[in-house]
Structure formats: C-alpha cells, structure tokens
Amino acid sequence: MNNPQLNAIRALLAKLDHTDGIRATFWVIFANLEKEATGLCELIANPDSMKSQVANELLVNAEKARLRDLLAEARQKVNPLLRELRQEQEAERLQKANLVPDEFAAEIRSVFRALDQTAKMHFMTDAIKFGDSAAIAALVTAPTILSGLTAEQSKNFRESFLERMAPQKAGVLDDVTDICETSFSTLDRLARPIGGAAAVPPHGAGSAA
C-alpha cells in the first residue's frame with residue numbers, strides 16, 4: 001500500500017542490515033509493526049461494503065488496539081537495547097580517547113584550583129588542543145568540588161575533548177534511533193481510536209506473540 005508515512009518507515013527499514021546482530025533485532029521488531037500498520041491502513045481504506053459504518057469502525061478500532069499492544073511490546077524491547085547501544089558507544093569513545101586519570105591526577109587538580117578563571121580556561125583549551133587525556137580526565141572525571149569546574153563546564157569540556165579525540169560516527173545507533181523515533185511517532189498517531197464507535201481497550205483485541 002502506497003502510504004507516505006509508512007513509506008518513510010520502509011525506507012528506514014531498508015537501511016538496516018537484517019542479517020546482522022543488533023540491526024537484525026530492530027529490523028524484525030519494526031518490520032512486524034510496519035506489516036501490522038499496512039494491514040490497518042488497508043482496512044481503513046477499504047471498508048467492508050457488507051457491514052455497517054459502525055461495524056466497520058468497531059473492526060478498525062479493534063485493529064488499532066492490536067497495534068497499540070504491539071507498540072507497547074516493541075517499546076519494552078527496544079528501550080533496553082537502545083540504552084545498551086549508547087553505553088557501548090560511550091565506552092568505545094572513552095577507550096579511544098583514553099580518558100583515564102593517572103597517578104598525578106590529584107596534583108593536577110590542586111594546581112588547577114589555584115588558577116584564576118582566565119588561566120583555567122586557557123589550561124582546558126590547551127589540554128583539549130594537544131590531546132592531554134590525563135589532564136582532562138583528572139578534572140572532568142572528579143567531583144566538581146575537587147576539580148574547580150562547574151558541573152556545566154565539566155560536561156562541556158569532557159564532550160569537547162571526546163569530540164576531538166573520538167568523534168561520534170554515524171552507525172548502528174543512528175540508524176536504529178531514526179527508525180524508533182519515526183515509527184513510534186507515526187504509528188502512535190495511526191493507532192489512536194476513531195470516533196463513532198466504542199473504542200476497544202488496548203488489550204481488547206489480544207496481544208501478538
């Protein structure tokens with residue numbers, strides 16, 4: 001069925017390698033949702049001429065309830081997977097940037113706290129510029145009361161250093177985030193009950209295995 005919104009989901013599905021690891025897991029989840037949504041759209045577009053409008057609306061609402069069930073199940077599956085992917089990506093960046101304090105971390109923090117604000121900013125700028133992971137790690141991995149940085153400064157300098165040493169790259173996380181956001185947004189709207197017939201509760205049509 002040629003539906004612009006579903007076509008957007010199909011295009012994102014086509015980007016996922018459905019034969020390999022985590023991409024395959026996401027592909028199966030969203031391919032099943034797309035299949036269910038396509039069936040629902042066909043039901044809406046081609047009501048049974050032998051049934052009354054009320055009967056057709058009841059049937060559509062039952063299918064919408066089924067789609068809501070599937071969306072709830074999908075969210076339960078993908079949210080932990082997304083958290084795991086983000087943690088893996090962050091761990092890879094930290095490892096690549098070698099953002100680990102060394103044995104001189106306490107001394108670095110002591111010297112840094114004694115600097116005035118302008119000197120502190122120069123220190124951090126130079127450390128980022130020259131890739132001084134030990135100096136950056138000593139400051140951004142420590143509590144702010146020890147580092148002499150504000151929480152916002154610590155976060156910003158940490159990310160600036162990571163972007164210089166281990167910039168984020170498009171990959172699995174970007175692909176699955178796109179399809180999650182697009183699919184859930186589109187299908188949530190499609191799954192809303194229609195008026196004119198009693199809406200079936202979310203579990204009224206049963207859950208998919």
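Could you order peptides 61-68, 143-150 by the average number of other Cβ atoms within 10 Å of their residues, highest first?
Numbers: 61-68: 21.4, 143-150: 15.0.
Peptide ranking by packing, descending: 61-68, 143-150.
Straight-line cross-link partners of LYS35 among the lysines, defined as a Cα under 29 Å from its Cα and at least 8 positions apart when in the same chain: LYS15, LYS51, LYS64, LYS77.
When the convex hull of the C-alpha atoms of region 7-121 is computed, what volume per residue in Å³ does it have? List each step's numbers first, then the result.
Working: hull volume 23.3 nm³, N = 115.
In region 7-121, the Cα convex hull volume per residue is 203 Å³.
What is the sum of charges, Lys and Arg at +1 and Asp and Glu at -1, for the other residues whose Cβ falls under 14 Å from the Cβ of PRO193? Each step should come with its number before you reach the end.
On the way: positive: LYS64, ARG66, ARG68, ARG189, ARG192; negative: GLU57, GLU63, ASP69, ASP188.
Computed value for this residue: +1.
Quick one: Kirkwood hydrodynamic radius for region 151-196, alpha-carbon pairs, angstrom, one decimal? Write down the numbers at each step before the final one.
Details: mean 1/r = 0.0721 Å⁻¹.
Hydrodynamic radius (Kirkwood, Cα only) of region 151-196 equals 13.9 Å.
Distance between the 7 Å Cα→Cβ label points at ASN79 and ARG164: 3.8 nm.
In the chain, the C-alpha radius of gyration followed by the widest Cα-Cα span (Dmax) gives 25.5, 84 angstrom. Report, in degrees rounded to the nearest 10, the 0 to 90 angle that the Cα long axis of helix 151-165 makes with the longest principal axis of the chain. Taking Cα atoms only, the helix is inclined about 90 degrees.
Distance between the pseudo-spin-label points of ASN3 and ASP116 (7 Å out from Cα toward the beta carbon): 6.5 nm. Report the label-to-label distance for HIS18 and ASN32 in nanometres (one decimal), using points 7 Å from each Cα along the Cα→Cβ vector. Using points 7 Å along Cα→Cβ, the separation is 1.3 nm. The long axis of helix 21-45 is offset from the longest Cα principal axis of the chain by roughly 30 degrees.
For the chain, the longest principal axis of the Cα atoms and the long axis of helix 172-190 meet at an angle of about 40 degrees. Comparing Cα centroids, region 177-195 and region 14-65 end up 11 angstrom apart. Note on ARG86/ASP48: beta-carbon distance plugged into 1/(1 + (r/R0)^6) with R0 of 45 Å gives a FRET efficiency of 0.50.
Return the FRET efficiency for the residue pair LEU173, ALA151: r is the Cβ-Cβ distance, R0 is 25 Å, and the value is rounded to the nearest 0.05. Computed FRET efficiency for LEU173 and ALA151: 0.50.
Here, each number is a calculation from the coordinates, and none is a lab measurement. Computed from a prediction, not measured in an experiment: that's the story for all the values here. All Cβ positions, even for glycine, are placed from backbone atoms using ideal geometry, and neighbour counts span all protein chains on display.
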